[in-house]
Amino acid sequence: MVKGLAELQSQINDIPNKTMKGIEKAMGIIYDDSQPRVPVDTGALKRSGIVEQVDKGYKIKYHSENPKNGYNYAVIQHENTSFKHRVGQAKYLEDAIKSNMDKIEKAIIEEVVK
């Protein structure tokens, strides 16, 4: 409960920090859900996944290079829905976001209203 103008201003000033904490939690939700969806051949792509803090936010990064030619195949594995994966699927990040929108929203809101 807000007791005065100074406390209200303090809470307003803290909204950006609280929002970033919520976004960090939301990224963890997405990452955790994406992991079982990541296509696996050698496992390098799945092991490469990280939640990384960047300027003014966070990102989830998957990056894996073919050792023979240096080609980063994370994007093609994510985007090419015609690939038949024995383990995992295309759209591993996109589907993790879509299937967790309620949890993502809740994680951010809960941090902001603390």
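The values are calculated or read from the model by the stated rules, or taken from the named source; none is laboratory data. Quick caveat: nothing in here was measured; it's all calculated off a predicted structure. Glycine gets a Cβ as well: all are built from the backbone with ideal geometry, and neighbour counts include every protein chain shown.
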Problem set entry | Extreme residue, farthest from Asp102 (Cα to Cα), among residues of the range 33-60 that are in a helix (DSSP H, G or I) and free of Cβ contacts under 8 Å to residues at least 60 places away in the same chain | Ala44
Problem set entry | Single unsatisfied condition, Pro16 versus (1) loosely packed, with under 14 Cβ neighbours inside 10 Å; (2) of a type outside the set (A, V, I, L, M, F, W, C); (3) not in a helix (DSSP H, G or I) | (3)
Exercise. Quick check, is Glu111 acidic (Asp, Glu), assigned to a helix (DSSP H, G or I) and in contact (Cβ under 8 Å) with a residue 24 or more places away in the chain?
Worked result: yes
Exercise. Within the range 81-98, which residues are surrounded by 13 or more Cβ atoms within 10 Å (Cβ to Cβ), under 20 Å from the mean Cα position of the chain (by Cα) and either more than 25 Å from Ala26 (Cα to Cα) or not β-branched (Val, Ile, Thr) (or both)?
Worked result: Gly88, Gln89, Ala90, Lys91, Tyr92, Leu93, Glu94, Asp95, Ala96
Exercise. Take the residues of the range 80-104 that are part of a helix (DSSP H, G or I) and touching a residue at least 24 places away in the same chain (Cβ under 8 Å): which is nearest to Ile12 (Cα to Cα)?
Worked result: Ile104
Problem set entry | Where Ile76 falls short, out of the listed (1) out of contact with any helix residue (DSSP H, G or I) (no Cβ under 9 Å at 6 or more places or on another chain); (2) not in a helix (DSSP H, G or I) | (2)
Problem set entry | Subset of the range 1-45 [acidic (Asp, Glu) and over 19 Å from the mean Cα position of the chain (by Cα)] | Glu7, Asp14, Asp41
Exercise. Of a type in the set (D, E, K, R) and at pLDDT below 95: does that describe Lys18?
Worked result: yes
Exercise. Would you call Val54 among the aliphatic types (A, V, I, L, M), farther than 16 Å from Asp32 by Cβ and touching a helix residue (DSSP H, G or I) at 6+ places or on another chain (Cβ under 8 Å)?
Worked result: no
